[in-house]
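> Dumping the structure here so I can ask a few things about it.
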Amino acid sequence: MFSGKSEELIRRIDRAEIAGQETLLLKPHLDDRYSKNAVVTHYGREFEARLLKTGEESISTLKELTEEQKLVRADIVAFDEGNFFTEQLPPLVMELIGRGKRVIVAGLDLTFAGAPFHPMPELMAESDRLDKLHAVCTECGGEATRTQRLIDGEPAPADDKVIKVGGKGDYEARCRDCWELG
């Protein structure tokens, strides 16, 4: 968290639209931190998005969410918080690529407990390009590669539920050395 993933996703979509390309941005329905109908960065930048219910990642659902022609015209289909989606996201991404779409997925690759955050590893393995962004460790200022979930200021227990939508106060960026498993 706090590495600029959503900011970079919005930047890429913004550039594509400046170039005259059609874009479609989707986010998981359970990500309601700042807005229901937009991807919003921790710094307040936002971009309109369609809500996609997790577990319903399919072409037919995308057609229902948008006018079918919007999906047909889209040069780029982007997903924020890919880690909140299910194992159905990778096949959808591959189908979109097969239809000639450029697909961008932003998300965490590790859970707060340090385990692979599915479906991101599968998407990373299939990707043609991978940009891994890092935050700054809140403890030492080094390169943060981990997410520290906090409960009342203390590391969350490893057996806590994996998906918990939150922001500052709930999570901190940490390097490998400063990260703790509760």
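The values are calculated or read from the model by the stated rules, or taken from the named source; none is laboratory data. Here the structure is a predicted model, which means the values were calculated and not measured. Every residue, glycine among them, receives a Cβ derived from its backbone with ideal geometry; neighbour counts consider all protein chains shown.
> Checking V165 against (1) closer than 22 Å to I10 by Cβ; (2) at pLDDT 95 or above, only one condition comes out false. Which one?
(2)
> Answer with yes or no whether F2 is within 13 Å of the chain's Cα centre (by Cα), surrounded by 15 or more Cβ atoms within 10 Å (Cβ to Cβ) and at pLDDT 95 or above.
No: the conditions fail for F2.
> Give the residues of the stretch 5-34 that are in a loop (DSSP other than H, G, I, E, B) and surrounded by 19 or more Cβ atoms within 10 Å (Cβ to Cβ), sorted by residue number.
Matches in the stretch 5-34: D31 only.
> Continuing with the same structure: Conditions first: (1) surrounded by fewer than 16 Cβ atoms within 10 Å (Cβ to Cβ); (2) touching a strand residue (DSSP E or B) at 6+ places or on another chain (Cβ under 8 Å). R102 passes all but one, so which condition is the exception?
(1)
> For the list (1) in contact (Cβ under 8 Å) with a residue 40 or more places away in the chain; (2) surrounded by 16 or more Cβ atoms within 10 Å (Cβ to Cβ); (3) part of a loop (DSSP other than H, G, I, E, B); (4) in contact with a helix residue (DSSP H, G or I) (Cβ under 9 Å, 6 or more places away or on another chain), I need the number of the one condition that A113 fails.
The single condition A113 does not satisfy is (4).
> In the list R99, R45, R33, which residue meets the criterion of being among the basic types (K, R), out of contact with any Pro (no Cβ under 7 Å at 6 or more places or on another chain) and modelled with pLDDT of 95 or more?
Unique residue meeting the criteria: R99.
> Considering only residues that are exposed (fewer than 15 other Cβ atoms within 10 Å of the Cβ) and outside any loop (DSSP other than H, G, I, E, B), look in the stretch 137-171 and name the one that is nearest to the chain's Cα centre (by Cα).
K168
> Please work out which residue is surrounded by the most Cβ atoms within 10 Å (Cβ to Cβ), limiting yourself to the stretch 116-136 and to residues that are touching a Pro at 6+ places or on another chain (Cβ under 8 Å) and not in a loop (DSSP other than H, G, I, E, B).
L123
> Using the structure shown, decide if G20 is touching a residue at least 24 places away in the same chain (Cβ under 8 Å) and out of contact with any helix residue (DSSP H, G or I) (no Cβ under 7 Å at 6 or more places or on another chain).
Against the criterion (touching a residue at least 24 places away in the same chain (Cβ under 8 Å) and out of contact with any helix residue (DSSP H, G or I) (no Cβ under 7 Å at 6 or more places or on another chain)), G20 does not qualify.
> Does E95 meet the test of being touching a helix residue (DSSP H, G or I) at 6+ places or on another chain (Cβ under 9 Å), surrounded by fewer than 18 Cβ atoms within 10 Å (Cβ to Cβ) and in a helix (DSSP H, G or I)?
Considered against the rule, which asks whether it is touching a helix residue (DSSP H, G or I) at 6+ places or on another chain (Cβ under 9 Å), surrounded by fewer than 18 Cβ atoms within 10 Å (Cβ to Cβ) and in a helix (DSSP H, G or I), E95 comes out as yes.
> Okay, next question. When you scan the stretch 44-53, do you find a residue that is closer than 19 Å to D131 by Cα and in the same structural domain as D14 (by TED's automatic domain parsing), even just one?
No.
> Yes or no: the stretch 50-68 includes at least one residue that is of a type outside the set (D, E, K, R), in contact (Cβ under 8 Å) with a residue 60 or more places away in the chain, buried (at least 18 other Cβ atoms within 10 Å of the Cβ) and closer than 20 Å to I13 by Cα.
no
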